[in-house]
Amino acid sequence: DGSLAIHAYYTHLEDLIERVEVAPGVLGFRNNREGDIFGAELTARYELGDAWLLSAGGSYQDGEDDDGDPLQDISPNTLSAGLEYRRHRWNLQAHYSYRFSRDDVAATESGVDTARLLSTRAEYHVGRQFSVALWSRNLLDEEYVISTDELSTEGEERTFGIALTWHSH
């Protein structure tokens, strides 16, 4: 069994509020003229037998004002893939995401480099109410910024964790 979802969108904006630099290091806001945002997203899931689930996805987004200049806050394009195993008391997951670089950004933004992010999770259900999980994020220890905003923070470094979960019924 499997599923495939494709979504496309187009939005025409009027009086878009954007950030502008009013003094060095000081941002203010103004109403921009008009602009358009368009994009597409794809998600696919496929069951590989009783225990395995394969997933994949991607997103594309672009936007420009009426002068043809890039709009602010346009997300970089992405591709992703995941694999999940669920059997008896075990749930194992691996998820990989590739973010493309983006250098066609608005005046108050900075371009972003590509980013490759890998996360994993191994969970064991001790009983019906209690589970233990080990997880990791950014397993490849990729250095990246969250968004194209000039004030964007850096993404999470390689992180490991343990989750103990109690479910009341």
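The values are calculated or read from the model by the stated rules, or taken from the named source; none is laboratory data. No experiment lies behind these values; they were computed from the predicted model shown. Cβ placement follows ideal geometry from the backbone for every residue including glycine, while neighbour counts extend to all protein chains displayed. The area values use the complete protein model at the heavy-atom level, side chains included, leaving out ligands, DNA and RNA. Shrake-Rupley method; radii C 1.70, N 1.55, O 1.52, S 1.80 Å.
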Pairs, first among the β-branched types (V, I, T) in the range 41-68, second crowded, with 16+ Cβ neighbours inside 10 Å, C-beta under 7 Å, six or more apart: T43/G57
The range 48-78, subset open to solvent by 90 Å² or more (accessible area, probe 1.4 Å) and at pLDDT 95 or above, residue farthest from S3 (Cα to Cα): Y60
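Quick grid of which residues meet (1) at pLDDT 95 or above; (2) within 30 Å of G28 (Cα to Cα); (3) of a type in the set (F, W, Y):
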{"site": "G82", "(1), (2), (3)": "yes, no, no"}
{"site": "Y85", "(1), (2), (3)": "yes, no, yes"}
{"site": "F100", "(1), (2), (3)": "yes, yes, yes"}
{"site": "D104", "(1), (2), (3)": "no, yes, no"}
{"site": "G111", "(1), (2), (3)": "no, yes, no"}
{"site": "L118", "(1), (2), (3)": "yes, no, no"}
{"site": "A122", "(1), (2), (3)": "yes, no, no"}
All-but-one check, N138 against (1) closer than 30 Å to E21 by Cβ; (2) free of Cβ contacts under 8 Å to residues at least 24 places away in the same chain; (3) open to solvent by less than 50 Å² (accessible area, probe 1.4 Å), failing number (1)
Scan of the range 56-73 for residues that are more than 10 Å from D36 (Cα to Cα) and of a type outside the set (G, A, S), ordered by number: Y60, Q61, D67, D69, Q72, D73
Total residues in the range 94-113, condition more than 25 Å from E84 (Cβ to Cβ), of a type outside the set (G, A, S) and assigned to a loop (DSSP other than H, G, I, E, B): 5
Those residues of the range 65-77 which are closer than 23 Å to L42 by Cα and either of a type in the set (A, V, I, L, M, F, W, C) or in contact with a Gly (Cβ under 6 Å, 6 or more places away or on another chain) (or both), in sequence order: L71, I74
